Amino acid sequence: MNTKLEASVAGVAPTPHKRRMPPEFNIFLVLVGIALVYEILGWIFVGQSFLMNPQRLTIMVLQVAVIGIIAVGVTQVIITGGIDLSSGSVVGMTAMFVASLAQASTWPRALYPALTDMPAIVPIGAGLLIGLLAGYINGQLIARTKIPPFIATLGMMVSARGVSKWYTKGQPVSGLTEQFNFIGTGIWPVIVFLVVALIFHVALRYTRYGKFTYAIGANVQAARVSGINVEAHLVKVYAIAGMLAGLAGVVTAARAQTAQAGMGVMYELDAIAATVIGGTSLTGGVGRITGTVIGTVILGVMTSGFTFLRVDAYYQEIVKGLIIIAAVVIDVYRQKKRKTA
């Protein structure tokens, strides 16, 4: 006898099947709540609207675009149960190399007098390759030597920052071509972020790559028994994360129209924060790109809101750290609840 028939015999109306809301819905509600809080505080303490200022909102979105690009790669790494602390340093290293190639004076005009500027595709391609190489090294260290991802990517973080300082002896690189700088103007950084997010949202949800990524994070031994080449796939995931950090370095250099060795400092922590706030579990196996996008916007709203309310920068860092801790605590509680269910 089925449930509906049993309920009918007992004289009780059958309970309709509840359609589960997507996990990102709660995160979106948090975003709306934070924005409304800033709106109310803005009228109370500043006498202005936080949400009704298009210029402020545009700047906010542009500021988080680079973090969002990194976070898309970091999300995939964390889903596998790993971590990537090298993203910010890879951004800085990539920006230095890319900027040096994007200078008009680097093009061999004696051989090609008709071309006055380095084609933008050259520094862009170099940035992607440099990031890909850094991520590939991370993946190989983790997959082949079995050292913890924390240690492997920490080593890359320090090394990449050292390379960026060594490459130009700590001097900034400027005088980039207009063709290259175009990538960082207007809303192009946001477009790049959204395109990257869409590509990997589809990849994670509808391709074998995504299935393998979730399987490894959920149970690495079961994934290996089922025939997944865990080591090769981990290398692929970390290489993609490195490539996206390289892309973020390209966009960063183009936005600033210069490059400095100190670029990208703490970007990796912001990317991890956006990922965790977006619902990706640090234990692996759970997470979505859509949640990461919302988590990135939440970080942007918070930063812009604090600036809007004239809150000192060090308070912003304190609150950001507390939010990361709170997100992890919530994730631990959610995992325990899922296991006991």
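The values are calculated or read from the model by the stated rules, or taken from the named source; none is laboratory data. What you see is a predicted model; the values in this text were computed from it and never measured. Ideal geometry is used to build each Cβ from the backbone, glycine not excepted, and the neighbour counts take in all protein chains shown.
Restricting attention to the stretch 38-59, which residues are surrounded by 12 or more Cβ atoms within 10 Å (Cβ to Cβ) and not in a helix (DSSP H, G or I)? The answer is Gln48, Ser49, Phe50, Leu51, Asn53. Considering only residues in the stretch 4-37 that are assigned to a helix (DSSP H, G or I) and in contact with a Ser or Thr (Cβ under 8 Å, 6 or more places away or on another chain), the one that is modelled with the highest pLDDT turns out to be Glu24.
To keep it simple, each residue is scored yes or no on (1) buried (at least 20 other Cβ atoms within 10 Å of the Cβ); (2) in contact with a strand residue (DSSP E or B) (Cβ under 7 Å, 6 or more places away or on another chain); (3) at pLDDT below 95.
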| site | (1), (2), (3) |
| --- | --- |
| Ile147 | no, no, no |
| Ile151 | no, no, no |
| Gly155 | no, no, no |
| Val158 | no, no, no |
| Gly162 | no, no, no |
| Gly170 | no, no, yes |
| Leu176 | yes, yes, yes |
| Phe182 | no, no, yes |
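The C-beta contact set for the stretch 26-52 (first residue of a type in the set (Gly, Ala, Ser), second residue in a loop (DSSP other than H, G, I, E, B), distance under 9 angstrom, 6+ apart or interchain) comprises Ala35/Phe50; Ala35/Leu51; Gly42/Gln48; Gly42/Ser49; Gly42/Phe50; Gly42/Leu51; Gly42/Leu309.
Among the helices (runs of 4 or more DSSP H) confined wholly to the stretch 108-203, which include 1 or more residues that are closer than 22 Å to Tyr267 by Cα and without any contact (Cβ under 8 Å) to a residue 40 or more places away in the chain?
Values: elements: 121-145, 149-167, 178-181.
Answer list for the stretch 108-203: 121-145, 149-167.
Arg310 passes every criterion in (1) of a type in the set (D, E, K, R); (2) in contact (Cβ under 8 Å) with a residue 12 or more places away in the chain; (3) in a helix (DSSP H, G or I) apart from (3). Scanning the stretch 63-83 for residues that are out of contact with any Lys or Arg (no Cβ under 8 Å at 6 or more places or on another chain), within 24 Å of Thr185 (Cβ to Cβ) and of a type in the set (A, V, I, L, M, F, W, C) turns up Val64, Ala65, Ile67, Ile69, Ile70, Ala71, Val72.
Based on this model, can you work out whether Lys236 counts as basic (Lys, Arg), modelled with pLDDT of 95 or more and within 17 Å of Val72 (Cβ to Cβ)? Talk me through it step by step, then tell me what you get.
On the way: basic (Lys, Arg): yes; modelled with pLDDT of 95 or more: yes; within 17 Å of Val72 (Cβ to Cβ): yes.
Taking the combined requirement at face value, the residue satisfies it.
One residue stands out among those in the stretch 216-252 that are among the hydroxyl-bearing types (Ser, Thr, Tyr) and assigned to a helix (DSSP H, G or I): the one that is surrounded by the most Cβ atoms within 10 Å (Cβ to Cβ), which is Tyr238.
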